[in-house]
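What follows is a short report on a single structure.
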């Protein structure tokens, strides 16, 4: 028997198709739908009564409930005895026999899982088949039933995600028109699905409809600003800038998706050489060998973004000789209980439904439905996870970007370390340094912590004497520098890196961005007091600059501050024109000599120490306006009415890529 709940209820039997209208009453139909929603789990009579009569069940509700069960059985299986029905009577309740029924929701989930392992063309076909199952919102004929809300919300989220994934695959396979249609459906279903806007922009641009691509971005930007008070993500901003620059559409197409989890059971050579980090890799390999010898071991690699923590973990995985489970955590999982750990364990459990697989499936199911755990259920989960660890060992588990993992996963790791001290299991965690102190992972008692910093000049010697000077030993800057050399870019860095740095600094906030861009023009080390006067800040800005030191953008240098990497300083400084450089330096020099620049009025009045700086344009987009005769320049006050544009308009700025133009 097949039951469809996408849209209105439909039950496919060998002899007929039963719809909601075929039930002699609304309550028997609702009873069946509740059992379907539980997917084979027992639902007690008391809970059924509460769901069917939310106000108050009658005194004879048990007898009425049994009557409804009989009516539901006769409707979907006329002439079948009660003991042979798919609605099974259990002590104290009822359940739907999952072995004799199939559900369109389950088929949808299966197709989506299979698509993750297929080539782009086959994956797109699987996702289109899954989308064809959707005839409307889940349990469409029960719009006001409270018990449908969690499942309906979960299904709606899955629907949008599959539309987005199918849209990306359509772009990968060259079907821009289909991608456009899928993205429009996703936006209609969820107006805040920013990934769908990215597909809209890319597909429109690929179809030579640049104005539609720009309108899609503006539609997204305005909605997020008006409804949520936030800016678009950096990826959306970078795509917008690339479209404004008329970049080659081939470079904007998404890459074929990589599997989110995988299992490695054989030793393999690294795909590419690991630059530096040999001592760190040797330390991890030694800890791995010790842990697999019979000690539950937690390893933590901490680094700034782009320092190579993921590449180091990948190299350890490639050299492992035991089964490996991997999950790269994301912000989408942060609120879903145990999902980060479940996804990592999934490939280790195998495809069969035996052994630990049912537990992992149950955890993922609860996460999909956002079902909370009470304390007793939590302890049962912990003990079940301990059994899983014992059954699957020895193995290596890798949680990349663990700062995005849900709190329950982090708590489970600590519990497993205490509960299974002698299990031959090693768990490697990687975490961004800036996020470590703000996340539950900081409380984990790890056996080994490795902090990655910049590579040394000796380690970069094979790339030439100029490599260290150009990159400061930062692995991400090094990779970008090598790419820029290969492409013949005189700037020494690619546009992608420039956009990434500008966008990341902008996301720190307008105040931080204003200070950083002006500081990039001043001589180093720059004084906090001089910088504050240049931008017109009356209060002490040392706390703000200390935060940037914590973010590892700046370093304290005597009584002043310097940029940690000269490349970041250079990129931020290039957001200003040469004329603006000269103006800012003159202002700083004048302040240093004890003679701050003041604005003069064109009416011949007294100079003022504060006021509105004429179009200084401290932001990614530099405003261009000549000051009228007789008016000088003054420091910029925090209260001055100057709008800071976001990086989205950087590509349209008057000064861009070293050129000064009129706009």
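The values are calculated or read from the model by the stated rules, or taken from the named source; none is laboratory data. Quick caveat, the model's predicted, so the values are computed rather than measured. Positions of Cβ are generated from backbone atoms using ideal geometry, with glycine treated the same way; all protein chains shown enter the neighbour counts.
Restricting to segment 37-78, count the residues that are part of a loop (DSSP other than H, G, I, E, B) and out of contact with any strand residue (DSSP E or B) (no Cβ under 8 Å at 6 or more places or on another chain). Steps first, please.
Restricting attention to segment 37-78, the residues satisfying the condition of being part of a loop (DSSP other than H, G, I, E, B) are 38-42, 53-60, 77-78.
After this cut, where a residue has to be out of contact with any strand residue (DSSP E or B) (no Cβ under 8 Å at 6 or more places or on another chain) as well, the list is 53-60, 77-78.
So the answer is 10.
Determine, yes or no, whether residue 552 is modelled with pLDDT under 90, within 27 Å of the chain's Cα centre (by Cα) and either farther than 25 Å from residue 432 by Cα or not in a helix (DSSP H, G or I) (or both).
Working: modelled with pLDDT under 90: yes; within 27 Å of the chain's Cα centre (by Cα): yes; either farther than 25 Å from residue 432 by Cα or not in a helix (DSSP H, G or I) (or both): yes.
Spelling it out, residue 552 is indeed modelled with pLDDT under 90, within 27 Å of the chain's Cα centre (by Cα) and either farther than 25 Å from residue 432 by Cα or not in a helix (DSSP H, G or I) (or both).
Quick check, is residue 326 within 17 Å of the chain's Cα centre (by Cα) and over 19 Å from residue 422 (Cα atoms)?
On the way: within 17 Å of the chain's Cα centre (by Cα): yes; over 19 Å from residue 422 (Cα atoms): yes.
So residue 326 passes the test.
Inside segment 496-514, can you point out the residues that are in contact (Cβ under 8 Å) with a residue 24 or more places away in the chain and either in contact with a strand residue (DSSP E or B) (Cβ under 9 Å, 6 or more places away or on another chain) or part of a loop (DSSP other than H, G, I, E, B) (or both)? Quick ask: steps written out before the conclusion?
In the first step, residues of segment 496-514 are kept if they are in contact (Cβ under 8 Å) with a residue 24 or more places away in the chain; the result is 496-508, 510-514.
The answer is 507, 508.
What's the total number of residues in segment 555-591 that are over 18 Å from residue 545 (Cβ atoms), at pLDDT below 90 and assigned to a helix (DSSP H, G or I)?
11
Is segment 258-275 home to any residue that is more than 18 Å from the chain's Cα centre (by Cα), part of a helix (DSSP H, G or I) and either outside the structural domain of residue 155 (by TED's automatic domain parsing) or modelled with pLDDT of 85 or more (or both)? Lay out the reasoning, then the answer.
First, the residues of segment 258-275 that are more than 18 Å from the chain's Cα centre (by Cα): 262-275.
Next, from what is left, pick out any that are part of a helix (DSSP H, G or I): none.
No.
Can you tell me which residue among 461, 434 is surrounded by fewer than 19 Cβ atoms within 10 Å (Cβ to Cβ) and in the same structural domain as residue 334 (by TED's automatic domain parsing)?
Details: 461 fails: in the same structural domain as residue 334 (by TED's automatic domain parsing).
After ruling out the rest, the residue left standing is 434.
Take residue 518 and tell me if it is within 23 Å of residue 589 (Cβ to Cβ) and not in a loop (DSSP other than H, G, I, E, B).
Details: within 23 Å of residue 589 (Cβ to Cβ): yes; not in a loop (DSSP other than H, G, I, E, B): yes.
In short, yes.
Out of the residues in segment 148-161 that are modelled with pLDDT under 85 and surrounded by 20 or more Cβ atoms within 10 Å (Cβ to Cβ), state the one that is nearest to residue 55 (Cα to Cα).
148
Taking residue 95 as the residue in question, decide whether it is in the same structural domain as residue 12 (by TED's automatic domain parsing), outside any helix (DSSP H, G or I) and within 30 Å of residue 21 (Cβ to Cβ). Let's see the steps before the verdict.
Details: in the same structural domain as residue 12 (by TED's automatic domain parsing): yes; outside any helix (DSSP H, G or I): yes; within 30 Å of residue 21 (Cβ to Cβ): yes.
Spelling it out, residue 95 is indeed in the same structural domain as residue 12 (by TED's automatic domain parsing), outside any helix (DSSP H, G or I) and within 30 Å of residue 21 (Cβ to Cβ).
Quickly run through segment 289-306 and pick out the residues that are more than 20 Å from residue 443 (Cα to Cα) and in contact with a helix residue (DSSP H, G or I) (Cβ under 7 Å, 6 or more places away or on another chain).
306
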